[in-house]
Structures are given as structure tokens and as C-alpha cells.
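Quick notes on the structure that follows.
The values are calculated or read from the model by the stated rules, or taken from the named source; none is laboratory data. Since the structure is predicted, the reported quantities are computational estimates derived from the model, not experimental observations. Cβ coordinates were reconstructed from backbone atoms using ideal geometry, including for glycine residues, and neighbour counts include every protein chain displayed. Note: accessible area is taken over every heavy atom of the protein model, side chains too, but ligands, DNA and RNA are not part of it. Shrake-Rupley method; radii C 1.70, N 1.55, O 1.52, S 1.80 Å.
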Amino acid sequence: MQTLDLIIFVAFTLGVVLFGCSFYRKGSTATEFTAAGRSLPGWLVGMSIFATYVSSISYIGYPGKAFASNWNAFVFSLSIPVASYFAAKYFVPFYRRGGSISAYSFLEEKFGRWARFYASACYLLTQIARMGSILYLLAMPMHILMGWDMVTVIIATSVAIILYSMLGGVKAVIWADAVQGFILIGGALVCLIILLFSMPEGPGQVFELAANAPEGNKFSLGSFGSSLTSSTFWVCLIYGIFINLQNYGIDQNYVQRYHAAKSDKDARFSALFGGYLFIPVSALFFLIGTALYSYYAAGVAPLPAGIQAKPDFIFPHFIVNSLPVGLRGLLIASIFAAGMSTVSTSITSAATVILTDYVKPLARNVTEHHHVFVLRLSSVVVGVLGIIVAIAMLGVKSIIDAWWILSSIFSGGMLGLFFLGIMPRRISRGAAAIGVVVGIIVIAWVSLAGVWNLPGPHLHEYLAIVLGTTAIFLVGFLLSLIIRNNKV
């Protein structure tokens with residue numbers, strides 16, 4: 001890594017930290033920390049939603065996935081319009097009418113405190129797993145570039161992100177997200193252009209080699225068969241619909257942004273803008289991975305066997321060895337932009353959940369000053385837990401597979417509980433509780449059947465959230481009907 005690259009990278013990282021810290025205000029309230037005073041324009045909030053979605057998992061994991069296999073994982077992105085539409089039409093008005101900054105407070109009103117604690121605990125586990133995945137991917141390029149110890153990079157990066165998240169709150173995070181969003185798109189576009197025009201026979205060779213790869217068409221969206229044991233087109237699509245409905249419908253990251261917008265119209269626009277922008281940008285990352293395959297297949301540059309065996313290392317390896325000085329620093333800054341925006345969002349939203357769903361209900365006589373203190377202390381605690389998970393992931397082969405499986409498991413099927421909560425027909429508390437227990441058993445079975453070689457069909461792990469959500473909803477709904485009919 002040349003001096004110019006290092007200057008660009010360090011200037012960007014320090015600039016983001018200082019920019020975020022500039023939003024610190026002594027005596028700020030918990031509402032300002034968690035909802036930015038409900039004063040932000042829709043385009044800004046939407047850009048923040050987009051930047052949060054495009055994490056380092058997208059920036060490094062998607063190209064690695066496309067390089068090693070095909071565009072099957074892109075099917076996940078195709079499900080986003082469904083979730084964005086429902087968010088703009090139903091979820092945004094629902095949460096803004098409710099008033100509470102917590103995504104889970106209404107579950108307590110419907111089913112009791114246990115429901116709120118269950119959903120918020122699932123959310124916290126999911127965010128800590130996500131932070132760990134992203135921090136790991138932030139450290140990888142610096143390990144390859146500079147030979148720096150990954151654990152050291154993970155810790156140093158986390159401290160920087162925690163600092164401005166803790167001091168500036170969600171307003172700092174949203175503004176930093178928007179800046180980082182523009183940087184990460186620019187970096188990815190530059191990289192794709194270089195790849196296309198580095199081919200010996202011109203850009204068309206990328207598509208020719210990829211379409212005729214020995215292992216199959218690299219642009220394939222996967223099998224359209226009916227198998228539920230492999231990552232087919234339909235498995236990915238169904239998984240994407242459920243996980244994205246959960247993101248837009250009950251994820252504190254998004255709910256907090258709906259509240260930060262200055263009007264209902266701006267909030268609806270942000271949901272649509274952030275979701276739809278992710279589709280072409282995710283296609284850009286998959287195209288980079290496909291172009292990397294053709295780049296190395298054409299013999300433009302050598303690819304060590306050790307790097308080829310680790311798809312997540314492919315893109316960083318290209319950046320290190322094939323980009324000119326200056327652009328190398330820009331691309332590393334882009335990867336950090338993608339990761340820092342997502343981690344900072346997870347920190348502030350997790351801290352908000354800890355305050356609103358645990359501290360406030362259990363300690364009612366707490367002052368505003370103490371609320372802000374809890375938010376900042378929680379930011380530090382959550383950040384430290386993310387560091388621990390990142391270090392534990394150092395041996396993972398494919399980070400995108402690991403993250404998708406973890407998110408499917410830790411989400412706990414809480415989307416099913418959410419659907420029960422918004423039903424016009426009242427669902428009994430007991431029926432909802434039994435539904436959750438059944439859903440957790442289903443999720444555990446789908447997730448562990450293959451690992452423990454349990455009897456019965458071994459379904460793909462992506463289906464854990466699908467079947468868990470469905471089980472919670474159906475069991476809760478049907479039991480309520482039975483209880484009501486018996487009473488009559």
C-alpha cells in the first residue's frame with residue numbers, strides 16, 4: 001500500500017469520525033439521540049437506509065459469491081420491492097401513528113411484556129451477529145494490504161465507529177451514512193470500469209467467458225426446481241421476501257429512520273428510495289464478481305490458489321494487486337464506508353432497544369440525563385460484543401452464507417409475532433405464546449437437522465425464518481379460533 005493510498009484511507013476514516021462527532025451536543029435529549037428530533041428530509045433518510053443495507057457483506061461477499069458460483073444470491077435483492085411497497089403503504093404510517101420509537105412496544109400492548117422482550121432479544125442477537133460479520137470484512141482488506149493483524153484492525157475500527165455513534169446519536173449516523181453511500185457507489189463503479197476495460201479483447205469478453213464457464217453460466221439465477229434442500233431461485237426469493245418484510249416491518253434500524261423523517265411523506269419516500277436503490281447497486285457488486293472471474297480466467301493477472309479457495313478474499317486481492325495507486329486507497333475507503341455505516345446503525349439502534357424495551361419498563365423513575373447515559377453506555381457494550389463475534393468469525397469460509405444463516409436463526413421468526421399483532425381479529429396472549437414456542441422449535445429443527453444429522457428431510461437453512469414465521473402465525477391464529485369457539 002503506497003503512501004497516497006494510506007493518506008486517502010486515513011483521511012476518509014478520520015473525516016467520518018470527526019464529522020460524526022461534530023453532531024455531539026451537550027445536554028441533548030434521548031429523543032434527539034434516537035430520532036434526530038424527527039427533522040430529517042426523506043432523501044437523506046432513504047440514503048441512510050440504502051447505505052445501511054449495503055454493508056461490507058454486500059461489498060465483499062457479493063463479488064465473492066458471484067466469482068465462486070453465479071447470481072443466485074441476487075434473487076434476494078429482487079424481493080426488496082415487495083417489502084419497500086408494504087413499508088411505504090402500511091409500516092411507515094403504523095409506526096408514526098404509534099409514536100413510540102421502539103419497534104416492539106406495540107407487541108407488549110397486544111400480548112404482554114414477554115412478547116416485547118422476546119422480539120427485542122431476537123433483534124439484539126441479530127444485530128450483534130451482523131456487526132461481527134461486517135467488522136470481520138472491514139479488517140480483511142487491511143490484513144491483505146498491510147499485513148496488519150486482523151484482531152487489531154477489528155478493535156481499532158470498532159473504537160472509531162463506537163466513538164461517533166455514541167457521541168452524535170442517530171443524526172450523526174444518518175448523515176455519515178449518506179456521505180458513505182455516495183462514496184461506496186463511486187468506488188464500485190470505478191472498479192467495474194477498470195475490470196471491463198482491462199480485458200484483452202474488450203468488455204465483451206467478460207460476458208463471453210462468464211456465460212460459457214466450465215462450471216455453468218455465471219449469470220444464472222440458480223435452479224428453478226422445487227427442491228427445498230438447496231439454494232434454488234425459489235428458496236432465495238422466499239427467504240428474501242420474509243427477511244426483507246422483517247427488515248422493513250419490525251427491524252429497529254428501519255423503524256428508527258421512519259421516526260427521524262420530518263413528515264409522513266418523507267418517511268414513505270425514504271422507504272421506497274432506500275430499497276429500490278439497493279437493487280441496481282447490488283447488481284453492480286455481482287457484476288464485479290463475474291468480471292473478476294473473467295479477468296482471472298483470461299489470464300490478465302495470476303490468482304494464487306490460496307486466494308481462489310477463499311472467495312471473500314478475491315475482491316480485496318484484486319484491489320491490492322491490480323488497481324493503480326490512489327484508486328486502491330479509494331476502494332479500501334469505499335469498503336470501509338459500506339461497513340462503518342451499517343455498524344454505526346446497528347450500535348445506535350441496539351442502544352435504543354436496550355433503553356426503550358428494557359431500562360424504561362423496568363426502571364420507570366429515571367431522568368432524561370440517565371436515559372442519555374444509558375444510550376451511550378449501551379453503545380459501548382454492544383460495540384464490544386460485536387468485536388467478540390468478529391474475532392470468532394475469523395475462520396469462516398463464506399461470510400455471506402454465515403450471515404444469512406445466522407440472521408435466519410437469530411431473527412426467531414419474530415415476523416410471525418408481528419403479523420399476529422397487526423391482525424384485525426384479536427389473538428389471545430396464550431395462543432401467541434404457544435405459537436412462538438412452536439416457531440422456535442421449527443427454527444431449531446431446520447437450522448440443526450443437517451448439522452446433527454437428525455431424522456427427516458434436511459431443508460436449506462435459509463428456510464428457517466420462512467417456516468418459523470409461518471409456524472408462529474398459523475399456530476397462534478388457529479389456537480385463537482379454537483379458544484374463541486370453545487368459549488362460545
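The set of residues from the stretch 354-366 being at pLDDT 75 or above and either touching a helix residue (DSSP H, G or I) at 6+ places or on another chain (Cβ under 9 Å) or not in a helix (DSSP H, G or I) (or both) comprises Ile354, Leu355, Thr356, Asp357, Tyr358, Val359, Lys360, Pro361, Ala363.
Within the set Leu385, Leu377, Leu406, Leu417, the sole residue that is buried (at least 20 other Cβ atoms within 10 Å of the Cβ), of a type outside the set (Ser, Thr, Tyr) and at pLDDT 85 or above turns out to be Leu417.
Contact map, the stretch 146-160: first residue in contact (Cβ under 8 Å) with a residue 24 or more places away in the chain, second residue open to solvent by less than 70 Å² (accessible area, probe 1.4 Å) and not in a helix (DSSP H, G or I), Cβ cut-off under 7 Å, separation 6 or more or different chains; pairs are Met146/Met1; Met150/Leu394.
Residue-wise test of (1) closer than 21 Å to Ile288 by Cα; (2) open to solvent by less than 20 Å² (accessible area, probe 1.4 Å); (3) hydrophobic (A, V, I, L, M, F, W, C).
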site: Trp43; (1), (2), (3): no, no, yes
site: Gly46; (1), (2), (3): no, yes, no
site: Pro63; (1), (2), (3): yes, yes, no
site: Leu78; (1), (2), (3): yes, no, yes
site: Tyr85; (1), (2), (3): no, no, no
site: Ala88; (1), (2), (3): no, yes, yes
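Scanning the stretch 338-366 for residues that are open to solvent by 10 Å² or more (accessible area, probe 1.4 Å) and of a type outside the set (Val, Ile, Thr) returns Tyr358, Lys360, Pro361, Leu362, Ala363, Arg364, Asn365. Checked against the criterion of being part of a helix (DSSP H, G or I) and at positive phi, the stretch 58-66 has no qualifying residue. Surrounded by fewer than 17 Cβ atoms within 10 Å (Cβ to Cβ), out of contact with any Cys (no Cβ under 7 Å at 6 or more places or on another chain) and closer than 21 Å to Leu125 by Cβ, is that true of Val446? Against the criterion (surrounded by fewer than 17 Cβ atoms within 10 Å (Cβ to Cβ), out of contact with any Cys (no Cβ under 7 Å at 6 or more places or on another chain) and closer than 21 Å to Leu125 by Cβ), Val446 does not qualify. Taking the stretch 5-24 as the range and being part of a helix (DSSP H, G or I), of a type outside the set (Asp, Glu) and surrounded by 15 or more Cβ atoms within 10 Å (Cβ to Cβ) as the test, the residues that pass are Leu6, Ile8, Phe9, Phe12, Thr13, Val16, Val17, Phe19, Gly20, Cys21.
Look at the stretch 459-488: where a residue is on the phi > 0 side of the Ramachandran plot, no partner that is at pLDDT 85 or above and among the aliphatic types (A, V, I, L, M) sits 6+ places away or on another chain with Cβ atoms under 7 Å. Kindly indicate whether any position in the stretch 215-223 is assigned to a helix (DSSP H, G or I) and either farther than 27 Å from Gly299 by Cα or free of Cβ contacts under 8 Å to residues at least 24 places away in the same chain (or both). Within the stretch 215-223, none of the residues are assigned to a helix (DSSP H, G or I) and either farther than 27 Å from Gly299 by Cα or free of Cβ contacts under 8 Å to residues at least 24 places away in the same chain (or both). Hydrophobic (A, V, I, L, M, F, W, C) and under 30 Å from Glu109 (Cβ atoms): is that true of Val353 in this structure? Yes; evaluated as a whole, the condition is true for this residue.
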